[in-house]
1. List every DSSP H helix in the chain whose Cα atoms extend 15 Å or more along the helix's own long axis and whose mean Kyte-Doolittle hydropathy is at least -1.0.
2. Quick one: which residues, 5+ away or cross-chain, put their amide H under 5 Å from the amide H of VAL26? H built at 1.01 Å from N.
3. Distance cut-off 21 Å, Cα to Cα: go down the list LYS15/LYS38; LYS66/LYS94; LYS15/LYS129; LYS66/LYS96; LYS66/LYS92; LYS129/LYS151 and report the pairs above it.
4. With runs of 4+ DSSP H residues as the only contributors, calculate the mean residue ellipticity of the chain at 222 nm using -39,500 (n - 2.57) per run, divided by the residue total and rounded to the nearest 500.
5. What is the projected area of the convex hull of the Cα atoms of the chain, averaged over all directions, in nm²?
6. With springs only between Cα atoms under 10 Å apart, run a GNM on the chain and tell me which of VAL26, VAL14, VAL163 wobbles the most.
7. Under 12 Å Cα-Cα from LYS164, which aspartates and glutamates qualify once same-chain neighbours fewer than 8 residues away are excluded?
Amino acid sequence: MNVLDLLDELEEVVKMGNQVPVVRKVMVDPNEILEIIKDIRLELPDEIQQAQYIRNERTRILDEAKAEYESIIKEAEVKANALIENDEITLKAKAKAEDILRIASENSAIMKMSILDYTDNMLYNLQEKVDQLYAGYFTDMFDNLQSTFEKINANISASRTEVKDQIYRSQMENENK
């Protein structure tokens with residue numbers, strides 16, 4: 001049973017409770033409500049783990065892109081050094097090396113921007129999902145859950161800010177080249 005199902009069950013318990021005349025209040029079994037809240041708490045770590053997985057995945061993708069970028073640069077340097085060794089084609093070798101470095105840098109920048117954009121979209125979608133859960137189910141009843149979602153959103157916002165900062169730095173690096 002996932003969190004949304006548990007929240008639906010909680011909503012059903014409240015709707016099915018006995019109404020107290022005149023005051024528009026509903027009487028519910030507190031043990032039943034507490035049991036559902038306990039189940040919700042047991043389900044929440046999955047959502048938090050998903051956020052952590054996305055963050056770890058973003059780091060892994062960025063590390064892979066950086067390693068590939070460095071590999072391309074090293075390969076370009078090796079090719080350039082091999083061409084420079086021959087005096088007759090030194091000028092051609094320098095031009096070819098610069099071209100290889102430029103292409104490698106452009107490809108690396110494109111890949112990095114794509115990865116950062118993908119990561120930002122994933123974080124944005126997760127943030128929207130968390131906002132939907134919050135707006136639909138937790139208003140007024142679960143201050144404890146509200147605090148948890150605010151922390152998740154803060155982490156997601158911080159991650160998005162970090163990603164956007166990396167995008168900005170990448171763009172500035174590309175403009176300075």
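Every number here is computed from the coordinates shown, using simple stated rules; none is lab data. Computed from a predicted model, the values in this text were never measured in an experiment.
1. Qualifying helices: 3-16, 30-84, 90-137.
2. Those lying under 5 Å, H to H, from VAL26 are VAL20.
3. Beyond 21 Å between Cα atoms: LYS66/LYS94; LYS15/LYS129; LYS66/LYS96; LYS66/LYS92.
4. Result for the chain, helices only: -31500 deg cm²/dmol.
5. So the Cα hull casts an average projection of 13.2 nm².
6. Largest GNM mean-square fluctuation: VAL26.
7. Output for LYS164: ASP117, ASP120.
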